[in-house]
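The values are calculated or read from the model by the stated rules, or taken from the named source; none is laboratory data. None of the values given here were measured: they were computed from a predicted structure. All Cβ positions, even for glycine, are placed from backbone atoms using ideal geometry, and neighbour counts span all protein chains on display.
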Amino acid sequence: MTPVPTPSITAALHIVRADYANPVHAAALVQLLDAYAQDPMGGGHALSDFAKAHLVAALAQRPQAFSVLAFEGDRAVGLVNCIEGFSTFACRPLVNVHDVTVLASHRGQRVGAHMLALAEVIARERGACKLTLEVLQGNAGALRLYQRTGFANYELDPAMGHAQFMQKWLD
């Protein structure tokens, strides 16, 4: 596999593919995901102690998972977690953008767009046919980001309408 470029956005802001074995990256991932979980758009509740302790190791065990981090200097300011799936219609991988978060202090500075651009590079390296994601209707800032970066509502036939994201908890 060709190494993923590490683009430098400014002298202080760097977007990188997370290395789950790097303790700085691991701590940043947990810190940023916990901040996202506590945000109203993430559900408003902190990650469990179990998730904090085991998340990075669990991601590292899954070759279909990858993450992108944004750092301003030494401070982690953004995170994108992605999980590879499979499109049966295209008979190719797809990549679901599972989590996107940028610290409130850095929103509106295109950090999310830069992280999504690197996620797209990695998805293309994996031969993915598309990126997918889900977003809450009330998350206007995220909706603008996704539309600005080329995402659109999923539909097969406009007459049938847009797909809905649904879930069923198993425990």
task = Mind listing whichever residues of segment 1-36 are part of a loop (DSSP other than H, G, I, E, B) and at pLDDT below 95?
result = MET1, THR2, PRO3, VAL4, PRO5, THR6, PRO7, ILE9, THR10, ALA11, ALA12
key: Every residue from segment 128-141 that is part of a loop (DSSP other than H, G, I, E, B) and surrounded by 10 or more Cβ atoms within 10 Å (Cβ to Cβ)   = ALA128, CYS129, LYS130, GLU134, VAL135, LEU136, ASN139
ask   = Looking at (1) over 15 Å from GLY112 (Cα atoms); (2) surrounded by 12 or more Cβ atoms within 10 Å (Cβ to Cβ); (3) modelled with pLDDT of 95 or more; (4) not aromatic (Phe, Trp, Tyr), which is the one condition that is false for ASP39?
value = (3)
ask   = Can you tell which of ARG124, ARG144 is farther than 23 Å from ALA37 by Cα, among the basic types (Lys, Arg) and either part of a helix (DSSP H, G or I) or without any contact (Cβ under 8 Å) to a residue 24 or more places away in the chain (or both)?
value = ARG124
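Quick check on my filter: what residues within segment 97-116 are of a type in the set (S, T, N, Q) and more than 8 Å from the chain's Cα centre (by Cα)?
Listed by number, the residues that qualify are SER105, GLN109.
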task = Give the residues of segment 37-63 that are closer than 29 Å to PRO93 by Cα and outside any loop (DSSP other than H, G, I, E, B), sorted by residue number.
result = ALA37, MET41, GLY42, ALA51, LYS52, HIS54, LEU55, VAL56, ALA57, ALA58, LEU59, ALA60
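Look at PHE71 and say whether it is more than 25 Å from PHE165 (Cα to Cα), of a type in the set (Phe, Trp, Tyr) and part of a strand (DSSP E or B). Let's see the steps before the verdict.
Values: more than 25 Å from PHE165 (Cα to Cα): yes; of a type in the set (Phe, Trp, Tyr): yes; part of a strand (DSSP E or B): yes.
In short, yes.
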query = Quick one: would you say PRO158 is over 18 Å from PRO40 (Cα atoms), more than 14 Å from the chain's Cα centre (by Cα) and modelled with pLDDT of 95 or more?
reply = no
query = If you check every pair at least six apart or on different chains, which have Cβ atoms under 8 Å apart with a residue in segment 72-93 that is buried (at least 18 other Cβ atoms within 10 Å of the Cβ) first and a residue that is outside any strand (DSSP E or B) and basic (Lys, Arg) second?
reply = GLU84/ARG126
task = Identify all residues within segment 30-79 that are more than 21 Å from ARG110 (Cβ to Cβ) and of a type in the set (S, T, N, Q); write none if there are none.
result = GLN31, GLN38, SER48, GLN61, GLN64
